[in-house]
Amino acid sequence: MPVRPRLWIVPVLTVLVAVAAALPAFSRAGSGETHRTGAVAPTKAADARRPAARDVVLAVHGGAGTALRRETTDPRKEKAYRDGLADALKAGRRVLRDGGDSVTAVEAAVRVLEDNELFNAGRGAVFTEDAGHELDASIMRGSDLAAGAVAGVRSVRNPVSAARLVMEKTKHVMLAGEGADDFAARNGLPTVTQDYYWTQRRWDELMKAKAPAKDPRAGKATKGGKGTGAAEEITGTVGAVAVDRDRDLAAATSTGGMTNKMAGRVGDSPVVGAGTYAKNGTVAASATGHGEVFIRGAATATISHLIEFGGRDVASAAYEVVVGRLPRLGGRGGVIALDHEGTLAAPHSSEGMVYGYLTEDGDIVTRLFPDETSSDG
Ligand code: ASP
């Protein structure tokens, strides 16, 4: 009897190979890896749903935007970013090592970033359309959902500390404008004049945003002044998330907003549930990006809800919000999101985001370039 070619074996083998290849990916995405080996290697675009690192106690970000490129970034600039993030992590590490709580750790980390003119928060904040500076910040404690925020402040040196004072010394959650500035000063926070925030770089960005854009078809100038900073290189908003030895979570965010914003515009950074959220058992999250969209998408609260009500892990919840949902509303950016077990997610739909983290063992890792930050952009 002639041997009939077993053609059926080809599709069966194909299916078996495909299933075998998919299994590890499913188990990784579904439950998260169970090993706890400290920092994981930099992830690639395909791994963006996976945690950025494990065994993390504190993480900071320094904004999202157009990516810094390894090939074109001046080494001094790279060092400045890495040192800036590391200095903030060291400040938080001192707090946590001394037995301090997560709220104090995120405040300490954000204060260092606010004092560093590289970042768009405190000194180095971007300009409003009328060449002023109006700063926003918030802080949240995961153990009891206490929160404090300031919006549009013009003379507080460290807005994150003003936000903490609002949380701890008032019955309110957010103070805005002059009332917030006066409150901070009355409570002994250092005040500054507007020129304290001034930097040449931010001034140049304002001028660029206001310059008439060229119409490429006619070579003519068109009505300009549309710049919002969204297309800029890393925009520099800062934030921090932490978990302390009691497993209490906290988050904080601080910003000058977006270049050439309208006077009086308030972004997501001081809005609880948009730019900042912390709830024990779910997540501590701090966002950066197109603030209007992060507000409309209730970004950080939605990450928490997906974990609490949707049974999601921190990495898939953060990814779904930042990469899955917000771009559909027309905005890009990123988030750092930490759960009480020390799993850190850092998804971003913008091309780049700079961030760093501190592990339980005291190691500091910084990530700047797309090949380090699991960019999907
Ligand atoms: N989210 C900030 C805002 O809209 C800006 C940023 O993160 O770059 O004010």
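The values are calculated or read from the model by the stated rules, or taken from the named source; none is laboratory data. Everything numeric in this text was worked out from a predicted model, so none of it was measured. Counting neighbours? That spans all protein chains shown, and the Cβs are built from the backbone with ideal geometry, glycine included. Just so you know, the surface numbers come from the protein's heavy atoms only, side chains and all, with ligands and any DNA or RNA stripped out. Shrake-Rupley method; radii C 1.70, N 1.55, O 1.52, S 1.80 Å.
Brief remarks on what is shown
- Each peptide among 318-330, 55-67, 126-138 gets the average number of other Cβ atoms lying within 10 Å of its residues, and from highest to lowest they stand as 55-67, 126-138, 318-330.
- For the range 239-377, the convex hull drawn through the C-alpha positions has a volume of 104 cubic angstrom per residue.
- Computed about its Cα centre, the charge dipole of the range 264-377 is approximately 640 debye, with only Lys, Arg, Asp and Glu carrying charge at their Cβ.
- When you work out D = kT/(6 pi eta Rh) for the range 127-176 at 4 °C and 1.567 mPa s, using the Kirkwood radius from C-alpha pairs as Rh and the Stokes-Einstein form, the result is 117 µm²/s.
- Residues whose placed amide H lies under 5 Å from that of A213, excluding near-sequence neighbours: T222, G224, G225
- Sequence of R141, R247 when ordered by accessible area, the most exposed leading, probe 1.4 angstrom: R247, R141
- Interchain or long-range residues, amide H under 5 Å from H348's placed H: D376
- Sites E78 and K208, calculated FRET efficiency, Cβ-Cβ separation with R0 25 Å, nearest 0.05: 0.65
- Projected label points at D195 and D371, each 7 Å from Cα along the beta carbon direction, are separated by 4.5 nanometres.
- Figure note: M140, M258 ranked by solvent-accessible area, largest first, 1.4 Å probe, ligands and nucleic acids not counted: M258, M140.
- Projecting the Cα positions of I364, H348, G324 onto the charge dipole of the range 312-377 (unit charges on Cβ atoms of Lys, Arg, Asp and Glu, taken about the Cα centre) puts G324 furthest along the positive direction.
- Surface composition of the range 98-157: carbon and sulfur make up 38 percent of the accessible area, probe 1.4 Å.
- Largest first and in whole Å, the equivalent-ellipsoid semi-axes of the range 275-344 read 19, 11, 10, each the square root of five times a Cα gyration tensor eigenvalue.
- Label point 7 Å beyond Cα of N187 along Cβ direction - residues of the range 85-109 with amide nitrogen under 20 Å: 101-109
- A 1.4 Å probe run over the range 328-377, with the rest of the protein chains in place, finds 30 Å² accessible per residue.
- P(r) tail, the range 94-214: Cα-Cα pairs separated by more than 18 Å, 53% of all pairs.
- For the listed peptides 76-82, 334-340, a ranking on the average number of other beta carbons within 10 Å per residue, highest first, reads 334-340, 76-82.
- Under Karplus coefficients 6.51, -1.76 and 1.60, residue-wise ³J(HN,Hα) of the range 179-187 in Hz, glycine/proline x: x, 5, 4, 5, 4, 4, 5, 4, 8
- With eigenvalues of the C-alpha gyration tensor scaled by 5 and rooted, the range 261-313, Å: 24, 10, 7
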